[in-house]
1. Report yes if A250 is open to solvent by 70 Å² or more (accessible area, probe 1.4 Å) and either touching a residue at least 12 places away in the same chain (Cβ under 8 Å) or part of a helix (DSSP H, G or I) (or both), otherwise no.
2. Just for the stretch 7-60: of the residues that are away from the ligand (no atom under 11 Å from the Cβ) and among the aliphatic types (A, V, I, L, M), which one is most open to solvent (accessible area, probe 1.4 Å)?
3. Just checking, how many residues over the stretch 61-111 are in a helix (DSSP H, G or I), within 15 Å of the ligand (Cβ to nearest atom) and small (G, A, S)?
4. Could you list all residues from the stretch 136-187 that are crowded, with 23+ Cβ neighbours inside 10 Å and farther than 21 Å from P97 by Cβ?
5. If the requirement is being at pLDDT 95 or above, of a type outside the set (S, T, N, Q) and farther than 21 Å from F158 by Cβ, which of these qualifies: K26, K59, K70?
6. Filter the stretch 63-97 for residues that are open to solvent by less than 10 Å² (accessible area, probe 1.4 Å) and within 18 Å of D163 (Cα to Cα) and give the result.
Amino acid sequence: MTIPDDHPRASSLKTREKIIEGMHSKIVAEAGLIAHGRGEAYDYLLGEETPSFALIQEKVAVALLLLAEKPIISINGNVAVLCPEEMILLSKIIGAPLEVNLFYNRTEREKIVAKKLLDSGAELVLGVDAEHHTSIPELTHSRRVVDKRGIYSADVVFVPLEDGDRTTALRKMGKKVITVDLNPLSRTSLYSNITIVNNVIRAIPEMIEIAKELKEYKQAELEKIINAFDNNESLKSTLTFISERLEKLAKVELNKLKNIE
Ligand code: PTJ
C-alpha cells in the first residue's frame, strides 16, 4: 500500500506496513501484528516521542552493555523488520553479537530472520546453527533454545520486545537483562534489570549516539552511571509521567486535543 507523505499519520502507517510485509515474508510472527498494535497504543500515552526518563534508561543500558564481559543482543521478528540496520550498528559499536531467538514457529522462521539481518549488513548472526544450540533451564516454549556462544554464556542480555517468561528465566541464570518495552507494566518491564520504556524505533538510534559518547568513558564512570540507577524507581517515574500527561490532556478542550495528537 502506498502511503501519501502528507498523511497526518504517515510515519506510523509506514511502520505498520513494514510489520505487515514482514509477516507476509514470515520474518514477523502473526502475533507480531498484535504486539505491534499494543505497542502503538502505549506509544500514544508517551506522546510518540522520547521522554527524558527514557534517555536516562538508554544511557544506563548502554553503560551496562559496554561494561559487560560477554554482552549479546537478542533479535525477534518485529525488531528484525523495524530497525535491522540500527541493531547491527549498535552491535558493532558495543561489541555485542546478534542472536536470533524467536517465540513463535522457531524452526520455520529462524533462518528467514537471520537472512534479513545478513542482507541488512550483519557479518555474523548467532542462534541458527543446530550444532551450537542448547536449552535455557525452566523454559518450555521455543525460546528455551539458545546459542551456547551467545545468550547461554552471556552476562548481559539485551532483549527488546521480550516475553516475561524468558526474562525471569535469564535472571535466574544470573544474567543481567535489558529490555525495550512500551508497556511499563509488562512482566518483562517489571523483571528486567533495566527497562527502556520507549519505541524501539526511537530507542536504538538514540542508544547508538549514546554508545559513541560512552565508549570514551572510563570503567569507573560507567559504573557510577549504573549504580545511580534503580529500575523500580525508573518505572515509577515512567508511570508518573504517563498519568500526569493524561491528566493534562484531560483538562485540554477536545478541539485543542486534535492539534496535539
Ligand atoms: O518474532 P517472535 O516469534 O519472537 O515474536 C515476537 C513477539 C513480539 C510477537 C513476541 O515476543 C510477543 O508476543 O511479545 P509480547 O508478549 O506481545 O510482548 C511485546 C511487548 O513489546 C508488548 O509489551 C508491546 O507493548 C511491546 N512493543 C510492541 N511494539 C513495540 C514495543 N515496545 C517497544 N517498541 C515497539 N515498537
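The values are calculated or read from the model by the stated rules, or taken from the named source; none is laboratory data. Quantities reported herein were computed from a predicted structural model and do not represent experimental measurements. Cβ sites come from the backbone with ideal geometry, for glycine too, and all protein chains shown count toward neighbours. The protein model used for the area step is the full one, side chains on, heavy atoms only, and it has no ligands, DNA or RNA in it. Shrake-Rupley method; radii C 1.70, N 1.55, O 1.52, S 1.80 Å.
1. Details: open to solvent by 70 Å² or more (accessible area, probe 1.4 Å): yes; either touching a residue at least 12 places away in the same chain (Cβ under 8 Å) or part of a helix (DSSP H, G or I) (or both): yes.
In short, yes.
2. If we take residues in the stretch 7-60 being away from the ligand (no atom under 11 Å from the Cβ) and among the aliphatic types (A, V, I, L, M), then I56 is most open to solvent (accessible area, probe 1.4 Å).
3. Step one: list which residues in the stretch 61-111 are in a helix (DSSP H, G or I), which gives 61-67, 77-82, 84-94, 106-111.
Okay, now just the ones that are also within 15 Å of the ligand (Cβ to nearest atom), so 61, 77-82, 84, 86-87, 90, 106-111.
Filter once more, so that each one left must be small (G, A, S): 61, 77, 80.
Summing the residues that are in a helix (DSSP H, G or I), within 15 Å of the ligand (Cβ to nearest atom) and small (G, A, S) in the stretch 61-111 gives 3.
4. Within the stretch 136-187, D181, L182 meet the criteria.
5. Numbers: K59 fails: farther than 21 Å from F158 by Cβ; K70 fails: farther than 21 Å from F158 by Cβ.
Unique residue meeting the criteria: K26.
6. Passing the criteria: I72, I73, S74, I75, G77, V79, A80.
Residues are listed down the side, and each one gets a yes or a no for (1) within 19 Å of the chain's Cα centre (by Cα); (2) within 10 Å of the ligand (Cβ to nearest atom):
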position: L185; (1), (2): yes, yes
position: I201; (1), (2): yes, yes
position: E209; (1), (2): yes, no
position: E221; (1), (2): no, no
